[in-house]
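Some notes on the structure that comes next.
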Ligand code: UD1
Ligand code: CA
């Protein structure tokens, strides 16, 4: 297949969204519309991508981030229509070669459809190939007019269509493949429409005059759904969520109730993992194989190891090891690493901490900024008091420590290996290895060496 430059038209005002946010930055399945369209261009094989932006968005960091670092930004000074928008990309896109133009609000077009479009342009030698779709409700879209031989001859926009043209179900998707050298010249001569804009689809009629216009069809009608309003944003999201769930199910993930399972783009899920009803899995999450997630869990930007269980819990920015069980009703926050084989029960909040393997945090505890060793037991109601009103401090808990119920650990504090704290202790000084501390503030009750037999038989 031939080389081509992708051009994404994204400089429109998007007034129908009634939003302060540029339309193409509104997200579906966790990714801005602009990001979806750029991804489609890349997947279809674009050599490079030019995004046409308005002066207001061109320098916006979020705009560049959504499009990807590799894109070039061209500025359309005023929103004078889609033909004018494409012309604004002239310098960035280059004088010659092949262009694929996509509207920044048409995120459901599949890469395969774009490849079909490019293939059609290649094989027919046409100057312009338009991607069309036959839809059940064409309202608002440009209708495709065909000549006696069935070839495309023009596009009529809704506002200019007569009653019989409005009945046409075949529509312009807003994606085109064009010969650049011809397009730059032809675009200069596109008429100004009754609303004062220059329409890119008018190039179809220009090319058709000399028999140089052709078309290709999308593989399914959902690809023609665009985003002009927030109602359409929700429709597009529904279609895309369906596609994402299908992809995971076909890759071996069981989804008990697809309708209540929300999975963003860029989520990885291993085979034989089961998603129970009511989960929301945000972008940047990787779930291993043989896990059980839910019901009602929220995962964002985290890694879940093979065979882990996450019941009705929130996990964000954390790494959960293989075989770990979390929940119900726990919250694991950014910077946390829960090592394999540990157990986080109910009503635990863990932030920016390492929890060693085999450690149990069973019942309503707060563990923040802590380094917890292996095989530790954190008793019910334990709290690391990590904040002194000004700064956060760390807690270090050694291997095999037993923290008694309702212990408050006033950081910075280190509790040595094999030490214990009594119920209700307030630990505000370091505890040596193997010591037991009790009381408020906690004092050493006894010091015994694991190697020496006890002299008086007391603990
Ligand atoms: C456009 C097509 C219509 C097609 C539909 C499919 C035209 C005139 N009409 O209508 O035939 O069925 O898309 O989605 O092209 N934009 C600019 N600069 C502008 C105007 C628009 O960059 O001056 C961008 C917008 O940001 C948007 C895209 O072009 O991403 C399409 O513009 P929009 O106003 O949404 O066109 P539609 O009315 O949907
Ligand atoms: Ca549109």
- request: Might you check whether a residue that is assigned to a helix (DSSP H, G or I), modelled with pLDDT of 95 or more and closer than 14 Å to residue 186 by Cα occurs anywhere in the stretch 92-105?
  value: no
- prompt: Exactly one of (1) closer than 27 Å to residue 170 by Cβ; (2) more than 14 Å from ligand 1 (Cβ to nearest atom); (3) within 23 Å of the chain's Cα centre (by Cα) is unmet by residue 121. Its number?
  reply: (3)
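Listed here are the residues, each with its yes/no results for (1) away from ligand 2 (no atom under 16 Å from the Cβ); (2) on the phi > 0 side of the Ramachandran plot; (3) outside any helix (DSSP H, G or I).
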residue: 172; (1), (2), (3): no, no, yes
residue: 192; (1), (2), (3): yes, no, yes
residue: 207; (1), (2), (3): yes, no, no
residue: 226; (1), (2), (3): no, no, yes
query: Which one is nearest to ligand 2 (Cβ to nearest atom), of the residues in the stretch 228-252 that are more than 28 Å from residue 274 (Cβ to Cβ) and either free of Cβ contacts under 8 Å to residues at least 40 places away in the same chain or not in a helix (DSSP H, G or I) (or both)?
result: 228
- prompt: Can you name the number of the only condition in (1) over 21 Å from residue 307 (Cβ atoms); (2) outside any strand (DSSP E or B) that residue 384 fails?
  reply: (2)
- prompt: Out of the stretch 7-20, which residues are in contact with a helix residue (DSSP H, G or I) (Cβ under 9 Å, 6 or more places away or on another chain) and part of a loop (DSSP other than H, G, I, E, B)?
  reply: 10, 11, 12, 13, 14, 18, 19
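The rows are residues; the columns are (1) under 31 Å from the mean Cα position of the chain (by Cα); (2) part of a strand (DSSP E or B); (3) assigned by TED's automatic domain parsing to the domain that holds residue 265.
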position: 299; (1), (2), (3): yes, yes, yes
position: 312; (1), (2), (3): yes, no, yes
position: 315; (1), (2), (3): yes, yes, yes
position: 328; (1), (2), (3): yes, no, yes
position: 335; (1), (2), (3): yes, no, yes
position: 341; (1), (2), (3): yes, no, yes
position: 366; (1), (2), (3): yes, yes, yes
position: 380; (1), (2), (3): no, no, yes
field: Top-ranked residue in the stretch 88-101 [being farther than 24 Å from residue 124 by Cβ and over 31 Å from the mean Cα position of the chain (by Cα); ranked as nearest to ligand 1 (Cβ to nearest atom)]
entry: 90
- prompt: How many residues are surrounded by fewer than 17 Cβ atoms within 10 Å (Cβ to Cβ) and in contact (Cβ under 8 Å) with a residue 24 or more places away in the chain when one looks only at the stretch 316-332?
  reply: 0
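The values are calculated or read from the model by the stated rules, or taken from the named source; none is laboratory data. Worth saying up front: this structure is predicted, and the values here are computed from it rather than measured. Glycine also receives a Cβ, built like all others from the backbone with ideal geometry; neighbour counts cover every protein chain displayed.
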